[in-house]
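Notes to accompany the following structure.
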Amino acid sequence: MRNTFAVCLTLISLGAAAQQKTVNVYNWSDYVDPKVLDEFTRETGIKVVYDTYDSNETLETKLLAGKTGYDVVAPSATFLQRQIQAGIYQKLDKKALPNAKGLWPEINARLAAYDPGNQYAVNYMWFTTGIAYNVQKARQRTGEKPPDSWDAVFKPENLKRFADCGVYMLDSPEDMFTAALKYLGISPDSKKPEDIRRAAEALTRIKSSVKKFHSSEYINALANGDICFAVGWAGDAFQSRNRAREAKNGVDIAYVIPKEGALMSLDNLAVPKDAPHPEEAFRFIDFLLRPEIAARNTAVTNFANGVIASKALVDKEILDNKAIYPGEETLKRLYTITANDLTTQKIVTREWTRVKTGK
Ligand code: N2P
């Protein structure tokens, strides 16, 4: 009798412990199919505590302060590189990631430029930074020549035409300075302080036409017609287009990779050294790398994922969209950049503050 009681108690506490398994995930907003999180919990019993951000700077500030409690985070490659050097990540347990075999070799190779040997991160999504616009409003303003060049953004008289219907820009110096440098005919990867200043000046010249610098609100703002023009990320632009379609509000959103080319970025999954639940972190990452799960996240987010094995399962309309899955021709126009060292990053942050506040 007594024994049965003890066994029961043990079983109950074991059950409770099993239920308490948790993974704390900090990811970009609008970057997952929420049903995928539920499914992970159903399958593994691991609860997902999911928190979001919309800028690398926000993530980096937290990570460098330490003890975030996060198990999985998603830095962009340039930030990842600096964070690896700062020693804040643990090496991935490759044995715990059998689905990593489905990762995209070319994307892995590109990521290895930031994470030599692909030791600390796997790619989650990859994408371009371009121009999203309201098709009707653009037609009223530019006739049969829709925006297709960085001129549309950086020639003050061009952007001014959109000011009355609302312009947003990413609150992200990496995306905005590289675009400005490309427009100015300077290497987008330049780390020279005077080049960074010239990029900041180009942005300051168009600032009076910008309603807001923000990196996630543009999805809804474009979809509901509050704004008509945004410099933003490909998947977000198509999420916006889809939200407008669902709302049947007559708004049509298009996205273009400017003809001069655009920044291609990689967002990646990594595990902080002080992650409280590393085992659960690797299980979560491996789940996201499952081809069918990666395909579902792409279906909802409209971002290309890093799992080549998922391509056969990705919706054809998305797969054929060259602004999401660029073909060889488009890829040639895309540029990548290297990480800033700490000194350059300080200059970038200061110049960005100057752009936004004038100080
Ligand atoms: C998700 C945006 C992620 C792309 N909404 C920028 N890293």
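The values are calculated or read from the model by the stated rules, or taken from the named source; none is laboratory data. The structure displayed is predicted, hence computed values, not measured ones. Cβ atoms come from the backbone with ideal geometry, glycine included; neighbour counts cover every protein chain shown. Side chains are part of the model used for accessible areas, which takes the heavy atoms of the whole protein and leaves out ligands, DNA and RNA. Shrake-Rupley method; radii C 1.70, N 1.55, O 1.52, S 1.80 Å.
A few comments on the model shown:
- All conditions in (1) within 23 Å of the chain's Cα centre (by Cα); (2) buried (at least 23 other Cβ atoms within 10 Å of the Cβ) hold for Ser216, with the sole exception of (2).
- Matching residues, the stretch 171-211, being within 16 Å of the ligand (Cβ to nearest atom) and either surrounded by fewer than 19 Cβ atoms within 10 Å (Cβ to Cβ) or assigned to a helix (DSSP H, G or I) (or both): Pro173, Glu174, Asp175, Met176, Phe177, Thr178, Ala179
- Scanning the stretch 1-52 for residues that are hydroxyl-bearing (Ser, Thr, Tyr) and modelled with pLDDT under 95 returns Thr4, Thr10, Ser13.
- Considering (1) open to solvent by 80 Å² or more (accessible area, probe 1.4 Å); (2) out of contact with any Ser or Thr (no Cβ under 8 Å at 6 or more places or on another chain), the lone condition that Arg354 does not fulfil carries the number (2).
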